Amino acid sequence: MTAKPRTRPTRNTAARPTGEVVAIPSTLWPTGPDPLDPGHRWPAPILTRAVEEFCPPGGRVSLLNRHAPATRGELRAVHADTTAAYTLIESLGHPTDPAPHTGTAPGAGPVGAGSVDLVVVSLLADHLDPVTTAEHTVSQAVSRLAVGGVLVVLGRCRHSRTGVLLDPAGPVVAAAQAADLLYLQHVIAAPVTEDTITRTASADPPDGPARHVVAHIDVFAFLLPHTTQD
């Protein structure tokens, strides 16, 4: 008996009919046609989608990033872009819980003792050590989460000031797993025009090595699970 030779399925290269809806996979979040702004810590389309996907109706949301809010005496000033992000979240029907600026060590709060249903951490705008930053922000987030809450981390690859390519994915996942969080999902957020990712202009210096172009943002989601004692 002779086995039939394996044949590779042919790819249909015919033009897509006009008006046909392009199916977008659930692991890709379109952010609109405009290229990503590398300096934006809280991209509105991504923040909106994260709240809609990972926070229950009326659930409480908190934002964390590398820079602590500025304080002076009893006054507390939040960065303007973070204030705008909180305003957006509240417009979606969710109360917000701004992270306090205290002198407590990272991870000082008990796990699951918080009251926040969704904590969103942004690692987008700064050139920094991804390992140290991931450990610090994840531990702060875990102390604010309620049991059953979700941590969402926004990150992207970047070059350091000395030209080293930094990828936060590994440190973020390692820090979350060390905090006993469950890895839910890794999503790619990118600007999309119809069925094509919008090309970002090159940022290469005229007389230097090639630089990493920001084509997408990584969205990592983790769950603080209920324990057998809960």
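The values are calculated or read from the model by the stated rules, or taken from the named source; none is laboratory data. Here the structure is a predicted model, which means the values were calculated and not measured. Quick reminder, even Gly has a Cβ in these numbers, built from the backbone with ideal geometry, and neighbours come from all protein chains shown.
Within segment 158-190, track down each residue that is among the β-branched types (V, I, T) and within 20 Å of R144 (Cβ to Cβ).
Once the filter is applied, which keeps residues that are among the β-branched types (V, I, T) and within 20 Å of R144 (Cβ to Cβ), segment 158-190 yields V172, V173.
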Q | Scope segment 128-186; condition in a loop (DSSP other than H, G, I, E, B) and either under 16 Å from V219 (Cβ atoms) or within 14 Å of the chain's Cα centre (by Cα) (or both); matching residues | A | R156, C157, D167, P168, L181
Q: Scan T83, T137, T104, T96 and give me the residue that is buried (at least 21 other Cβ atoms within 10 Å of the Cβ) and either among the β-branched types (V, I, T) or modelled with pLDDT of 65 or more (or both).
A: T137
**Q.** Condition broken by C55, with the remaining ones in (1) more than 27 Å from P171 (Cα to Cα); (2) modelled with pLDDT of 90 or more satisfied
**A.** (1)
Q) Taking I89 and the conditions (1) at pLDDT below 90; (2) in contact with a strand residue (DSSP E or B) (Cβ under 6 Å, 6 or more places away or on another chain); (3) part of a helix (DSSP H, G or I), which numbered condition does it fall short on, given that it satisfies the others? A) (1)
Q. Considering segment 107-127 alone, what residues qualify as being touching a His at 6+ places or on another chain (Cβ under 9 Å), in a loop (DSSP other than H, G, I, E, B) and modelled with pLDDT of 85 or more?
A. L124
Q | Counted residues, segment 46-60 - those being in contact with an Asp or Glu (Cβ under 7 Å, 6 or more places away or on another chain) and crowded, with 20+ Cβ neighbours inside 10 Å | A | 2
